[in-house]
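Here is the structure we will look at, set down as structure tokens.
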Amino acid sequence: MPISLAVEDLSAKRGEDLIFHDISFVLEAGQALIVTGPNGSGKSTLLRVLAGLLAAETGKVQIKGAVPDIGHPRELCHYLGHHNAMKRELTVQENLSFWKSFMGDSAGGSGIGIEAATEALGLGGISHLPFGYLSAGQQRRMAMAKLLVAYRPVWILDEPTAALDAAADRLFAGLVERHLRTGGIAIAATHQPLGVAAQELRMTGFAGVGDVV
Amino acid sequence: MSENSLAIRKFSDLANPTRFLALAGRVLPWFAGLTVLLFAIGLYLSFTTEGDYQQGETVRIMYVHVPAAWLSMMCYSVMALSALGTLVWRHPLADVAVRAAAPIGASFTFLALVTGSLWGKPMWGTWWVWDARLTSVFVLFLMYLGLIALNRAMDEPGKAAKVSAVLILVGFVNIPIIKFSVEWWNTLHQPASVLRLGGSAIDPEFLAPLLVMAVAFTMLFFTLHIAAMRNEIWRRRVTSMRRQAARSAGREV
Amino acid sequence: MIALFLRDLKLAMRAGGGALIGVLFFMTVVAVVPFAVGPDLNLLSRIGPAILWIGALLASLLGLDRLFQAEREDGSLDLMLMQEMPLVLTVLVKCLAHWAATGLPLVIAAPLLGLFMNMSEIAIGATMLTLLVGTPAITFIGASGAAVAVTLPRGGLLVSILVLPLAIPVLIFGVSAAYAAVHDPAPFLPPLLILIAITLFFAVIGPLAAALALRSASD
């Protein structure tokens, strides 16, 4: 059964400041949403609320159609934040296999092997190296491999391609596209176009924000 | 001035890692063979000479204990020299020598402590006394372990080299002070029971095996040290090759 | 879960990990004591168990502040918070791994230091046993302190200050059990059992509190 992500009247505070309010949208399986806006407009905050890492002030995030019922929507989400969540001291292989077995797969799909995932990001054959040896761009791509080794229907991506070159950018767009084709949902905050057909949510940086275009 | 710099250039020429590897490959089998031979002679002598009439068989521990204790100090001196080499001449191998020597020095010190305490149990009735000499060796052991921990904590060998060189030299300057203060501390508290070994002249009966063992231990140290330096150079090359591999990966995408 | 345990162990063993540092700190602290109180063997053997316990207490506090902070800095904590796996379990496993990497070596090093303190065989055995059952409690208590201080930029010292008072019961019963083994009239078993009870109690409370703190500290 295809899932859908529904957001209703969402608002969030940081400290005492209201960052955004009354954001509502619905994403069906296979759809993507791009969150744009100037710095400080609350893109990252929105994504962290969606990932269940920040409590919403009002409103709610729901994932419909998930079988079996889950405790919290965040359990169906991948969150790729500003940090890579990989240990420099461990090899890429050790990092990825840890996350693969720690996260497990959500119902309705399964992650691919570690070597296959690094191949998919164009970095096959170096997974035996310590993560700290890689360049910033390579590290980012290896962090993206996490999205592939453990299956989650919803991808939440915060500036995913900031450190990437044009070629890796296209590669990643291809991965997102494939994810959408198989019934996934993607939400990305980004300055650059992601390279996939998507709705756009423009955050203006003032309370009263957010038009789905 | 120019003469000086010329000498240094030649000196560092000799210390080119590649040439060191070639030299180490040629020298190591001989060193190892000599070490085994000396140990065979030394151990034979140690077990065939008479036991002491007071201490009995336990006196044979001395043949391991004394050389180990001696080596523990020599190793630190080698490290201090190498540290000087790192800081003053920026010698490429000096830092390798420091890194390779620390675990060996710690092992010899540990051996000296263990044999000392095995010897102490039948002699003094206790495994350990806070005698001035024992205590300084123990402090030396702690210093070795601290250096190893420092080396391990830094993943960049170049940066670690200078920092640990500084620490080694501070330690080296400190050793006489530590030694002096420990002696003062101990004699202040219990002047009567300070136990001294080898206070009386050593009988030639003991001297021969002791000397052979001391030379054997020294050879063992050099064998291990050269081998460890070779491993360290190889380890660094492997690391730089792996970094190279990381850089070149994914270029063609 | 096993994956998390093994990963944390590996991290502790790798370059820059805390496993070696803890033992070294323990040894140094214990070794410094005779310089302060003097080399009198009778005195040392009398205060030995207490010194060993204080050294172990301080040494096990040493790496605690990094328990969650390292995870937070590289973003791993976010992912751990999102999983289906209850956060309490994740914290518990992290505590166990931390103890296996830093606490267990202290227990193993304790007999050696006991010899330096001229302690009798029974006293050494008893101290080792009490350390074995008592140090996990320090880790569990420390986990809650580490979780509270996770967002602070310089939480390291604060964790120690927060945790030390909470660890006093562990110290009391650990040391009294170790002494009871040597001095005849005092019974050995009751303080040991209380120590075990404290450890089990904190094995539940510590991770619960830490999980709660981590959830509310997320921003």
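The values are calculated or read from the model by the stated rules, or taken from the named source; none is laboratory data. Keep in mind that this is a model prediction, so the values were computed, not measured. Positions of Cβ are generated from backbone atoms using ideal geometry, with glycine treated the same way; all protein chains shown enter the neighbour counts.
Somewhere in segment C:112-126, is a residue among the acidic types (Asp, Glu) and either under 25 Å from C:Thr28 (Cα atoms) or touching a residue at least 24 places away in the same chain (Cβ under 8 Å) (or both)?
The answer is yes; a qualifying residue exists.
I'd like the residue in segment A:35-59 that is surrounded by 23 or more Cβ atoms within 10 Å (Cβ to Cβ) and away from every other protein chain (no Cβ under 13 Å) and, out of all such residues, is modelled with the lowest pLDDT.
A:Gly42
One residue is enough: does segment A:133-154 have a residue meeting the conditions buried (at least 16 other Cβ atoms within 10 Å of the Cβ) and more than 14 Å from every other protein chain (Cβ to nearest Cβ)?
yes
For B:Ala106, indicate whether it is within 20 Å of C:Val29 (Cα to Cα) and at pLDDT 80 or above.
Yes, satisfied.
Could you please find all residues in segment A:95-131 being aliphatic (A, V, I, L, M) and without any contact (Cβ under 8 Å) to a residue 40 or more places away in the chain?
Within segment A:95-131, A:Ile112, A:Ile114, A:Ala116, A:Ala117, A:Leu123, A:Ile126, A:Leu129 meet the criteria.
All but one of (1) within 14 Å of chain C (Cβ to nearest Cβ); (2) assigned to a loop (DSSP other than H, G, I, E, B) hold for B:Ser117, so report the exception by its number.
B:Ser117 satisfies every listed condition except (2).
Restricting attention to segment C:53-97, report how many residues are out of contact with any helix residue (DSSP H, G or I) (no Cβ under 7 Å at 6 or more places or on another chain), part of a helix (DSSP H, G or I) and either of a type in the set (Gly, Ala, Ser) or under 15 Å from C:Ala146 (Cα atoms) (or both).
Within segment C:53-97, residues that are out of contact with any helix residue (DSSP H, G or I) (no Cβ under 7 Å at 6 or more places or on another chain), part of a helix (DSSP H, G or I) and either of a type in the set (Gly, Ala, Ser) or under 15 Å from C:Ala146 (Cα atoms) (or both) number 5.
Which is among the acidic types (Asp, Glu) and either facing another protein chain (nearest Cβ under 10 Å) or buried (at least 23 other Cβ atoms within 10 Å of the Cβ) (or both), of A:Asp169, A:Asp165?
A:Asp165
State the number of residues belonging to segment B:215-247 that are surrounded by fewer than 16 Cβ atoms within 10 Å (Cβ to Cβ) and either small (Gly, Ala, Ser) or touching a Cys at 6+ places or on another chain (Cβ under 7 Å) (or both).
2
State all residues of segment A:73-104 that are within 7 Å of chain C (Cβ to nearest Cβ), over 17 Å from A:Ala188 (Cβ atoms) and of a type in the set (S, T, N, Q); if no residue qualifies, say none.
Scanning segment A:73-104 gives a single hit, A:Ser101.
Is it true that C:Met80 is within 14 Å of chain A (Cβ to nearest Cβ) and surrounded by fewer than 19 Cβ atoms within 10 Å (Cβ to Cβ)?
When the stated conditions are applied, C:Met80 does not pass them.
Condition first: modelled with pLDDT of 85 or more and closer than 23 Å to B:Leu147 by Cα. Now tell me which residues in segment C:36-67 satisfy that.
C:Gly55, C:Ala56, C:Leu58, C:Ala59, C:Ser60, C:Leu61, C:Leu64, listed by residue number.
With B:Ala80, B:Ala40, B:Ala100, B:Ala32 as the choices, which residue is in contact with a His (Cβ under 9 Å, 6 or more places away or on another chain) and either modelled with pLDDT of 80 or more or not β-branched (Val, Ile, Thr) (or both)?
B:Ala100
Could you look through segment C:40-77, keep only residues that are small (Gly, Ala, Ser) and surrounded by fewer than 20 Cβ atoms within 10 Å (Cβ to Cβ), and pick out the one that is farthest from the other protein chains (Cβ to nearest Cβ)?
Looking at residues that are small (Gly, Ala, Ser) and surrounded by fewer than 20 Cβ atoms within 10 Å (Cβ to Cβ), I get C:Ala50.
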